[in-house]
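**Student:** Supplied in structure tokens, the structure appears directly below.
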Amino acid sequence: MMGIVHLLVGAALGSISGSKCEAGVAGFASHLVLDSLPHRDLDLKGEVMAALAAIVVLAPLIKLDARVLTGAAAAVAPDLENALWRFDIISKKDMRYPSHSGLTPHGPKVATMAGQVLIAVAALFLLRRRR
């Protein structure tokens, strides 16, 4: 799942949570759910470009508060081990997040990003409604 989708879903969950702790738990757990869906992963350059573009464009449109930021950060955090793996800092067997380590199924690869775009739009809609 693209990092920006994790970020937006975590932010949306944070926006409707009752506390920063709930936002963090919801964001962290959402990563597992999203990783189980069919999706297309981008290469590292594509991930960075998509994330930077989305942050620049979307940040002014979203009401940021501690719960939104906590949910977003917690949702993206599990992919830090993917970055460490891509840079050969850790091996695949050293990964701990369930959908990265093989403990839970990772969604099948698909050619289209349509599903991810729909999820991102729904999360953005929720964030904008809250504004």
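Bear in mind that the values in this text are calculations on the coordinates, not laboratory data. Here the structure is a predicted model, which is why all the values come from computation and not from measurement. Note that each Cβ is placed from the backbone with ideal geometry, even for glycine, and that neighbours are counted across all protein chains shown.
**Student:** Work out, step by step, the length gained on full extension between Leu52 and Arg40: first 0.36 nm times the residue separation, then minus their alpha carbon distance; give nm to one decimal.
**Tutor:** 2.5 nm is the gain from fully extending Leu52 to Arg40.
**Student:** Treating cross-link reach as a plain straight distance, find the lysines whose alpha-carbon is under 25 Å from the alpha-carbon of Lys63, omitting any fewer than eight places away in the same chain.
**Tutor:** Straight-distance partners of Lys63: Lys20.
**Student:** Hey, what did the chain get for relative contact order, percent, Cα under 8 Å, at least 6 apart?
**Tutor:** Contact order relative to length: 42 percent.
**Student:** Just in the stretch 33-98: which trypsin sites (Lys or Arg not before Pro) are loop by DSSP and have at most 12 other Cβ atoms within 10 Å?
**Tutor:** Within the stretch 33-98, the qualifying trypsin sites (Lys or Arg not before Pro) (loop, at most 12 other Cβ atoms within 10 Å) are Lys63, Arg96.
**Student:** Going by C-beta contacts inside 10 Å, put Ser15, Ser91, Ser101 in order with the fewest on the left.
**Tutor:** Ser91, Ser101, Ser15
**Student:** So how tilted is helix 3-16 from the main axis of the chain? Cα-based, degrees 0 to 90, rounded to 10.
**Tutor:** Result, in degrees: 40.
**Student:** Rounded to the nearest 0.05, what FRET efficiency is calculated for Lys109 and Leu69 with R0 set to 22 Å and r the Cβ-Cβ distance?
**Tutor:** The value I calculate is 0.10.
**Student:** Can you list the lysines whose alpha carbon sits under 29 Å from that of Lys109, skipping same-chain ones fewer than 8 residues off?
**Tutor:** Qualifying lysines at Cα under 29 Å: Lys45, Lys92, Lys93.
**Student:** For the chain, what does -39500 (n - 2.57) per DSSP helix run (n ≥ 4), summed and divided by total residues, give at 222 nm, in deg cm²/dmol to the nearest 500?
**Tutor:** Mean residue ellipticity, 222 nm, calculated: -20000 deg cm²/dmol.
**Student:** Just to be sure I follow: if Rg is taken over the C-alpha atoms of the chain and Rh is the Kirkwood radius over the same atoms, what is Rg/Rh?
**Tutor:** On the Cα set of the chain, Rg over Rh gives 0.96.
**Student:** Tell me the angle of helix 66-76 to the major Cα principal axis of the chain, expressed in degrees between 0 and 90 and rounded to the nearest ten.
**Tutor:** Orientation of helix 66-76: about 20 degrees from the principal axis.
**Student:** Counting pairwise Cα distances across the stretch 1-61, what percent come out greater than 14 angstrom?
**Tutor:** Cα-Cα pairs in the stretch 1-61 separated by more than 14 Å: 59 percent.
**Student:** What angle, in degrees between 0 and 90 and rounded to the nearest 10, separates the Cα long axis of helix 20-36 from the longest principal axis of the Cα atoms of the chain?
**Tutor:** Relative to the chain, helix 20-36 is tipped by roughly 50 degrees.
**Student:** So which residue, out of Leu80, Leu69, Leu44, gets the largest mean-square fluctuation from a GNM of the chain using Cα contacts under 10 Å as springs?
**Tutor:** Leu80
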